[in-house]
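**Q** The structure under discussion is supplied below as structure tokens; questions concerning it will follow.
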Amino acid sequence: MTFGEQPAYLRVASDLREKIANGSLPPHTRLPSQARIREEYGVSDTVALEARKVLMAEGLVEGRSGSGTYVRERPVPRRIARSGYRPASGASPFRQEQAAEGARGTWESSSEQEPASVEVAERLGIEPGERVMRTRYVYRDGGEPMMVSTSWEPLAVTGRTPVMLPEEGPLGGCGVVERMAAIDVVVDNVVEEVGARPGLAEELLALGGVPGHVVMVVERTYYASGRAVETADVVVPADRYRLTYHLPVR
């Protein structure tokens, strides 16, 4: 293979991808069979199979049991707005962030105590095994799951206080900044690191995705005078949503 030349399976996948993009293969159309790809492009069965695998991994096509492989309908990405600090209005960050988009946001959650894993302990600056409150959320817009989140708060900070359970008590449903302020912990910094990876099985099950779909992961940590008081992983389907940041100019 000469320098810069693509492998045959990538050339076939590229041509099929272009046909999907320009509408020659519209949504819900059956992808040419392996035999048809082999004949049309003059390639082996192995090359034809690998080309189909590429398109499936990219989320452009999906297999239907006993029927074949079909072009997926590509959703128009919607925005999830994120911002810096918000006024202490008592509303949840999720509801505040979606207000500008006219979203009909609801969520469900569950909390339980657990020992901090090595990764969580490192993010919170505590020792592995120290007790944390883990809260899992599923957020929905008009009934459609849009993101899942898992947060961890060190019980050394919130234990035996009215805000120990994020979704219960007088400040249940309020944001981290407001809840921490109620126990005289002043949040003065938040860091968000955004990455992408294939979704975990339980995440895709909650989000209505299929194996192989890519998700965006926002790793967020709130700090008070340099001490981490909450860290969370926010997981969003990459094919259905875009993260839009509104940051204040100082």
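The values are calculated or read from the model by the stated rules, or taken from the named source; none is laboratory data. Owing to the predicted nature of the structure, the values given are computational and were not obtained by experimental measurement. Cβ sites come from the backbone with ideal geometry, for glycine too, and all protein chains shown count toward neighbours. Surface areas here come from the heavy atoms of the whole protein model, side chains and all, with no ligands, DNA or RNA. Shrake-Rupley method; radii C 1.70, N 1.55, O 1.52, S 1.80 Å.
**Q** Regarding the stretch 154-163, can at least one residue be identified that is assigned to a strand (DSSP E or B), out of contact with any Phe, Trp or Tyr (no Cβ under 8 Å at 6 or more places or on another chain), without any contact (Cβ under 8 Å) to a residue 40 or more places away in the chain and small (Gly, Ala, Ser)?
**A** no
**Q** Which pairs turn up if I take residues in the stretch 53-66 that are without any contact (Cβ under 8 Å) to a residue 24 or more places away in the chain and look for partners that are of a type in the set (A, V, I, L, M) and open to solvent by 80 Å² or more (accessible area, probe 1.4 Å) with beta carbon separation below 9 Å, at least 6 apart in sequence or on another chain?
**A** From the stretch 53-66, the pairs are Gly63/Met56.
**Q** Still on this structure, I have one more. So which strands (runs of 3 or more DSSP E) are wholly in the stretch 44-89 and hold at least 3 residues that are modelled with pLDDT under 90 and open to solvent by 50 Å² or more (accessible area, probe 1.4 Å)?
**A** Those strands (runs of 3 or more DSSP E) span 61-64.
**Q** Of the numbered conditions (1) open to solvent by 40 Å² or more (accessible area, probe 1.4 Å); (2) under 30 Å from Leu55 (Cβ atoms); (3) in contact with a strand residue (DSSP E or B) (Cβ under 7 Å, 6 or more places away or on another chain), Val191 fails exactly one; give the number of that condition.
**A** Of everything listed in (1) open to solvent by 40 Å² or more (accessible area, probe 1.4 Å); (2) under 30 Å from Leu55 (Cβ atoms); (3) in contact with a strand residue (DSSP E or B) (Cβ under 7 Å, 6 or more places away or on another chain), Val191 misses just condition (2).
**Q** Of all the residues that make up the stretch 101-137, how many are part of a strand (DSSP E or B), open to solvent by 50 Å² or more (accessible area, probe 1.4 Å) and of a type in the set (Asp, Glu)?
**A** 2
**Q** So which residues in the stretch 207-247 are closer than 29 Å to Val157 by Cα, out of contact with any Leu (no Cβ under 7 Å at 6 or more places or on another chain), among the polar types (S, T, N, Q) and touching a residue at least 60 places away in the same chain (Cβ under 8 Å)?
**A** Thr221
**Q** Another one. With (1) surrounded by 13 or more Cβ atoms within 10 Å (Cβ to Cβ); (2) modelled with pLDDT of 90 or more as the list, and Gln98 as the residue in question, which single condition is left unmet?
**A** Exception for Gln98: condition (2).
**Q** Under 8 Å by Cβ, and 6 or more places apart or on different chains, what pairs join a residue from the stretch 67-78 that is under 13 Å from Gly209 (Cα atoms) and free of Cβ contacts under 8 Å to residues at least 60 places away in the same chain with one that is open to solvent by less than 50 Å² (accessible area, probe 1.4 Å) and not charged (D, E, K, R)?
**A** Note: pairs meeting the criteria are Arg72/Gly59; Arg72/Leu60; Arg72/Val61.
**Q** Which condition does Val229 not pass, out of (1) out of contact with any Lys or Arg (no Cβ under 9 Å at 6 or more places or on another chain); (2) open to solvent by 40 Å² or more (accessible area, probe 1.4 Å); (3) at pLDDT 90 or above, if it passes all the others?
**A** For Val229, the failing item is (2).
**Q** Could you tell me which numbered condition Asp184 fails, if it satisfies all but one of (1) surrounded by fewer than 13 Cβ atoms within 10 Å (Cβ to Cβ); (2) in contact (Cβ under 8 Å) with a residue 60 or more places away in the chain; (3) not aliphatic (A, V, I, L, M)?
**A** Only one criterion in (1) surrounded by fewer than 13 Cβ atoms within 10 Å (Cβ to Cβ); (2) in contact (Cβ under 8 Å) with a residue 60 or more places away in the chain; (3) not aliphatic (A, V, I, L, M) is unmet by Asp184, namely (2).
**Q** Determine which single condition Tyr9 fails, assuming it passes every other condition in (1) more than 29 Å from Tyr241 (Cβ to Cβ); (2) out of contact with any Asp or Glu (no Cβ under 6 Å at 6 or more places or on another chain).
**A** Failed condition: (2).
**Q** To continue, here is another question. Going through Arg240, Arg140, Arg160 one at a time, which residue ends up being buried (at least 18 other Cβ atoms within 10 Å of the Cβ) and at pLDDT below 95?
**A** Residue meeting the stated conditions: Arg240.
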